[in-house]
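The values are calculated or read from the model by the stated rules, or taken from the named source; none is laboratory data. Because the structure is predicted, anything quoted here is derived from the model rather than measured. A quick note on method: Cβ atoms are made from the backbone with ideal geometry, for glycine too, and the neighbour counts reach across all protein chains shown. In case anyone asks, the SASA skips ligands and DNA or RNA and just uses the protein heavy atoms, side chains included. Shrake-Rupley method; radii C 1.70, N 1.55, O 1.52, S 1.80 Å.
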Amino acid sequence: MRYRICLTLLLLVLVPAGAWTQQAADGVEPETGGAGTPDGSARVLEAQGRKADGRPVQARDWMIAVAHPLAAEAGADVLAAGGTAADAMVAAQAVLGLVEPQSSGLGGGAFLVRWDAATGEMTTLDGRETAPLAATPRLFHDSRGQPLGFFEAVVGGRSVGVPGTPALLQAAHVRWGRAEWPALLAPAIRLAEEGFRVSPRLAALVERDAARLARFPETRDYFLPGGTPLAAGHTLRNPEYAETLRRMAEDGAGAIYSGAIARDIVATVRNAPGNPGLLSETDLALYAVKERAPVCAAYRGHRVCGMGPPSSGALTVGQILGMLDRYDLSGMGPDSALAWRLLGDASRLAFADRARYMADSDFVPVPVKGLVEPDYLGRRARLLQGTQALDAVSAGKPAFDHALNRADNAAMERPSTSHISIVDTYGNALSMTTTIENAFGSRLMVRGFLLNNELTDFSFRSHRDGVPVANRVEPGKRPRSSMAPTIVMRDGAPVLVVGSPGGSRIIGYVAKTIIAHLDWGMDVQQAVALPHLVNRFGTFDIEAGTRAEDLAAPLEALGFDIRLRGLNSGLHAISVGPVLRGGADPRREGIALGK
Ligand code: GLY
């Protein structure tokens with residue numbers, strides 16, 4: 001491995017759609033799309049078969065669960081050859097950026113949670129995108145000082161933050177890798193050169209987004225060759241991506257943060273027609289991956305650990321579970337409207353705190369400890385004691401040594417993103433959620449990869465009635481996320497590795513999966529497949545076309561506003577014990593592979 005730039009800078013399905021078929025949601029780019037994958041190897045076909053049958057994949061040595069069979073194969077080959085979870089993650093992410101380009105890639109950001117079997121240490125790395133130094137709280141205001149519409153802001157350069165994923169890949173490899181760095185990028189390079197089959201899901205998403213993708217020549221020529229959206233089954237080559245990875249193989253992630261590729265990124269963002277952005281070469285050169293303290297919450301004798309600010313993921317999942325720890329969900333069971341009432345209202349209370357308090361803690365004080373402190377969650381849990389939906393929900397007052405004057409933030413983080421769960425042969429566990437934000441990000445493409453629109457995860461409003469919003473745009477700040485890569489621990493060892501895409505619904509998807517596994521005794525495949533009921537700010541969203549619809553009337557009778565809709569998660573989970581069991585979301589193309 002030959003890094004030409006100093007490391008300190010770098011530390012800087014498919015299943016039958018059937019009952020699970022999702023419906024187009026409410027016009028905010030749900031990542032739905034048909035099921036179907038390229039033809040696979042025997043192990044891929046077997047994994048797909050188990051998923052279709054609702055059974056987990058089982059193994060004893062290692063396992064990877066990820067959003068596309070080709071990414072799973074790349075990671076599995078690394079693990080089978082004695083590579084670590086970090087190595088496999090690099091290989092899988094490099095392939096995901098090619099075959100699932102709408103969700104994650106070199107132009108995006110990610111959060112990584114890792115448990116080390118040798119030391120027992122839990123580490124979280126923040127590879128979140130970062131606002132340019134020239135950004136101001138008015139970044140998403142129009143000329144009258146009013147917030148822009150979502151897609152007005154997204155499409156073009158304004159929404160693009162400094163990518164974090166390349167630096168995160170390298171930081172993880174430097175710390176925990178055993179395999180040679182270039183070898184980890186080789187499978188993606190080969191696929192990019194030889195071509196891969198466009199999945200029905202990618203084709204469906206391209207078709208739906210064709211008008212936006214067509215706005216920029218490089219993006220149009222790749223996704224709409226000759227003006228026609230890519231068709232499922234088409235063999236797609238991406239020689240520019242192969243060349244970018246080759247440069248990374250040679251020079252490390254620094255190839256993205258300085259030099260010709262960095263200049264291209266900056267020029268593309270600043271010259272985006274109609275909606276230019278502010279990114280500079282200095283912003284790229286200054287990018288740093290940050291190690292953060294893990295955030296853990298107690299639940300049923302377990303510790304549920306994940307990513308703290310700038311993600312709201314672990315805090316909000318931890319709050320929901322911490323409140324519910326006082327209630328007997330196991331006795332109620334998954335078909336009980338009372339159980340879902342508790343889950344829905346606990347979620348509303350947690351989302352109220354999220355809106356008030358959670359943002360990048362390098363810029364605004366966040367009461368991290370107070371928000372998951374058992375006494376505080378006990379007080380919040382007492383609010384759930386009635387038998388009806390809570391009338392009104394507002395932020396609580398966690399213990400904190402700062403006086404705070406904060407307005408609530410309504411940024412929602414739209415559904416896109418991807419997730420990778422891995423356990424390696426050494427027993428290390430890794431959970432990484434990775435994103436370019438909206439499907440196809442900013443729609444700007446450079447050197448074979450799409451650039452993120454992550455800055456739209458900031459609040460478009462900087463203040464409400466003169467009171468500042470914690471998650472307002474500031475120069476060099478990281479937008480609040482909902483990504484919740486999670487490792488659940490018991491007696492000092494991991495028992496569940498889990499995470500999902502889905503914007504701010506990620507929090508509900510992950511909390512539900514943990515409850516389904518720990519309280520309702522479901523194996524990981526059953527737990528990820530269990531129909532979703534998600535409540536964020538009040539509406540109870542129920543997964544359309546599933547048996548969860550039976551809960552709509554009882555929940556309505558308890559006082560909730562109900563909405564039936566597609567809820568397109570992308571959960572990937574591994575339960576850890578003498579046997580590893582892998583579950584992949586039947587709503588998407590991913591699989592688990594293990595040995
Ligand atoms: N952009 C999705 C998230 O960070 O939650």
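Worth pointing out:
The rows are residues; the columns are (1) over 19 Å from the mean Cα position of the chain (by Cα); (2) closer than 21 Å to Leu338 by Cα; (3) open to solvent by 40 Å² or more (accessible area, probe 1.4 Å).
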| site | (1), (2), (3) |
| --- | --- |
| Gly521 | yes, yes, yes |
| Asp541 | yes, yes, no |
| Asp550 | yes, yes, yes |
| Leu558 | yes, yes, no |
| Asn568 | no, no, no |
| His572 | no, no, no |
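- Selection count where residues are open to solvent by 30 Å² or more (accessible area, probe 1.4 Å), among the aliphatic types (A, V, I, L, M) and touching a Leu at 6+ places or on another chain (Cβ under 7 Å), scope the range 509-519: 0
- Verdict on Gly331 being open to solvent by 10 Å² or more (accessible area, probe 1.4 Å), more than 16 Å from the ligand (Cβ to nearest atom) and not aliphatic (A, V, I, L, M): yes
- The range 186-233, residues that are of a type in the set (S, T, N, Q) and surrounded by fewer than 16 Cβ atoms within 10 Å (Cβ to Cβ): Thr228
- Residues of the range 428-459 satisfying the condition of being of a type in the set (Lys, Arg) and surrounded by fewer than 24 Cβ atoms within 10 Å (Cβ to Cβ): Arg447
- Hits in the range 460-484 (condition: away from the ligand (no atom under 11 Å from the Cβ) and either open to solvent by less than 10 Å² (accessible area, probe 1.4 Å) or under 14 Å from the mean Cα position of the chain (by Cα) (or both)): Val469, Ala470, Asn471, Val473, Lys477
- Residue check, Gly370 at pLDDT 95 or above and within 24 Å of the chain's Cα centre (by Cα): no
- Leading residue by the ranking (most open to solvent (accessible area, probe 1.4 Å)) among those in the range 289-308 that are under 15 Å from Asp360 (Cβ atoms) and in contact with an Asp or Glu (Cβ under 6 Å, 6 or more places away or on another chain): Lys290
- Among (1) small (Gly, Ala, Ser); (2) within 11 Å of the ligand (Cβ to nearest atom); (3) closer than 16 Å to Met358 by Cβ - the single one Gly508 does not satisfy: (2)
- For Leu286: the one exception among (1) open to solvent by 20 Å² or more (accessible area, probe 1.4 Å); (2) among the hydrophobic types (A, V, I, L, M, F, W, C); (3) within 16 Å of the ligand (Cβ to nearest atom): (3)
- Condition broken by Asn405, with the remaining ones in (1) touching a strand residue (DSSP E or B) at 6+ places or on another chain (Cβ under 9 Å); (2) modelled with pLDDT of 95 or more satisfied: (2)
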